[in-house]
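What follows is one structure encoded as structure tokens, with my remarks underneath.
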Amino acid sequence: MTYLLALDQGTSSSRSIVFDGEGRIVALAQRELTQIYPQPGWVEHDPMEIWASQLETAREALAKAKLQAKDMRAIGITNQRETTVLWNRKTGRPVHHAIVWQDRRAEPMCAQLRQQGLADTIQEKTGLVIDAYFSGTKLRWLLDNVPGARAQAAAGELAFGTVDSWLIWQLTGGKVHVTDVSNASRTMLFNVHSNTWDAELLRALDIPASLMPAVKPSSAHFADTDAALLGVALPVGGVAGDQQSALFGQACFEAGMAKNTYGTGCFLLMHTGEKFQPSHNGLLVTSAAQINSTPRYAMEGSVFVGGAVVQWLRDGLKAIQGSAQVQSLAESVPDAGGVMMVPAFTGLGAPYWNADARGTITGLTRGTTLAHIARAALESIAYQSAALLQAMSRDAVAAGGTPVAELRVDGGASVNDLLMQFQADLLGIPVVRPQVTETTALGAAYLAGLSCGVYSDVSQLSKQWKVERRFLPTWSKAQSEEAMARWERAVRQATAA
């Protein structure tokens, strides 16, 4: 049998999954990750905990599968993307906690870049809008605020990386400093046309080029792991940021194919092939996972608070004991009873890009119950995703393409049938859930498998993708339009000064 090991380092946990050559899960291990909130709007992780938990789960997954590292053909890595780590090259120790993608502390720096008139340059070169979401301004904050960091960086003593780079550094005992194009494209420092770090952008953010990792295609030989860690040295053969990895794992290899991942946030990506297609509707252009040196692109929209709204019901409101309860609570009422929730806990992402928006619950009456609020919370995930897909379809049509015809879904909340049916009703297109919903990890395994010859080409992977359930829309066009109009009205209330 052929086996591949995927390391899936996410926002709320580190996981490792052993897949067989057919893309089936053999074993899975998971560890929760401590969330650190130093002040409102700030989110951090301990990079040493990220590494320790990832190594523990890799060992545990192999043990659960009753396999050894020598049975694996290669390792694939997928990771929370814009999360930023800065470490000392000699000691391998971070100089500060990792600044997580959700963190908003770099917003003043972003305002400065906008004032300098760099918005168009950054969008043309990177496909991104100026926002504190991306790694570049997080890195600048670390250089400006960690005592001694700027001097150490100037002396070439520090290394920057997104979580994939940090893990590879640790897996190789500090020998290899590398990333892939999909992660690099989320830094606001990477030219997605030439696949190189952009000297002008590095200068604009005052970031020394010596900090940056080498960049490879997503399917490549990145490094060999230190044999002492797992028992034998294994090739790291695939690396991709979680959303690009999920797009790959969903077999969305052609222009016009789209997937939505329902995780802590929601991430909707549509493949645009070799065409860099700028958005006129507040979306991002990002590098898709690449199997060779030819740039491939995707259009992306991010919902900052997706499944996290369910965590808030559990931990903030104490409305439910566990996340799994939300579906039964929401189903206990026929609808949300006119209640609308806009969970803008950390501002609103695409297509609104409003950093100052705050969460609101509107439409409350004396008859409103906890069940109505739970249902409105669940529906808010679908509303935000629908706003993204509609913006994406407008961009596709404007560029001479066609609107998205079906949406492939994955991630933790995609198992919620009520949510998936509501999503199909809002969008008016089929929502398709695959048999393997761990598509983020699967994408990393597939990229690793391609690089080491387990798979001959992507057409072989397309054949392996199988449908578990197809949710067909039941609403009329008028019903879905009316629902979206209610949502946009609620968003206007959340963003009113």
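The values are calculated or read from the model by the stated rules, or taken from the named source; none is laboratory data. Quick caveat: nothing in here was measured; it's all calculated off a predicted structure. Neighbour counts run over all protein chains shown; Cβ positions are idealised from the backbone, glycine included. For accessibility, only protein heavy atoms count, side chains too; no ligands or nucleic acids. Shrake-Rupley method; radii C 1.70, N 1.55, O 1.52, S 1.80 Å.
Pairs with C-alpha atoms separated by more than 31 Å, drawn from the list 66/259; 66/466; 125/477; 216/275, are 66/259; 125/477.
The DSSP beta bridges internal to the chain are antiparallel in roughly 70% of cases. Here's the picture: a label point sits 7 Å out from the Cα of residue 1 along the beta-carbon direction, and within the stretch 47-90 the residues with their amide nitrogen under 20 Å of it are 57-76. Note on the stretch 205-301: with neighbouring protein chains present and a 1.4 Å probe, carbon and sulfur make up 54 percent of its accessible heavy-atom surface. Treating r as the C-beta distance of residue 233 and residue 469 and R0 as 60 Å, the FRET efficiency rounds to 0.90. Shape class of the stretch 232-327 from the alpha-carbon gyration tensor: oblate, with a/c at 1.5 or above and b/c at least as large as a/b. Just the protein heavy atoms count here, and of the accessible area of the stretch 43-184 at 1.4 Å, carbon and sulfur take up 50 percent. Sparse packing (at most 12 other Cβ atoms within 10 Å of the Cβ) combined with a DSSP loop state is found for the following trypsin sites (Lys or Arg not before Pro) in the stretch 293-393: 318, 366.
Specify whether the C-alpha gyration tensor of the stretch 445-497 places it in the rounded, prolate or oblate class, a ≥ b ≥ c being the square roots of the eigenvalues: rounded for a/c under 1.5, otherwise prolate if a/b is larger than b/c and oblate if not.
It is oblate, given that a/c is not under 1.5 and a/b is not larger than b/c.
Whole-Hz Karplus values for the stretch 465-472 come out as 6, 10, 7, 9, 8, 10, 9, 9 Hz, taken residue by residue from phi with 6.51 cos²θ - 1.76 cosθ + 1.60 and θ = phi - 60°; glycine and proline positions read x. Among the GluC sites (Glu not before Pro) found in the stretch 1-97, those both in a DSSP coil and sparsely packed, with 11 or fewer other Cβ atoms within 10 Å of their Cβ, are 22. Can you tell me the length gained on complete extension of the stretch residue 456 to residue 492, counting 0.36 nm per residue apart and subtracting the Cα distance? Fully extending the segment from residue 456 to residue 492 adds 8.0 nm. Relative to one another, the C-alpha centroids of the stretch 33-99 and the stretch 123-153 are positioned 21 Å apart. Maximal additional length on extending the residue 328-residue 276 stretch stands at 14.4 nm, based on 0.36 nm per residue less the C-alpha distance. Round to a whole number: what % of the accessible area of the stretch 338-468 belongs to carbon and sulfur, probe 1.4 Å? Here carbon and sulfur together make up 54 percent of the probe-accessible area.
With the other protein chains left in place, how much accessible area per residue, in square angstrom, belongs to the chain at a 1.4 angstrom probe? I get 37 Å² per residue for this part. When the charge dipole of the chain is built from unit charges on Cβ atoms (+1 for Lys and Arg, -1 for Asp and Glu) and taken about the Cα centre, the candidate among 420, 431, 72 whose Cα reaches farthest toward its positive end is 72.
When mean projected area of the Cα convex hull in nm² is computed from the coordinates, the matching label among [x] 27.4; [y] 21.8; [z] 23.6 is [y]. Summary of the geometry: the stretch 171-214 and the stretch 419-469, compared by the centres of their Cα atoms, lie 29 Å apart.
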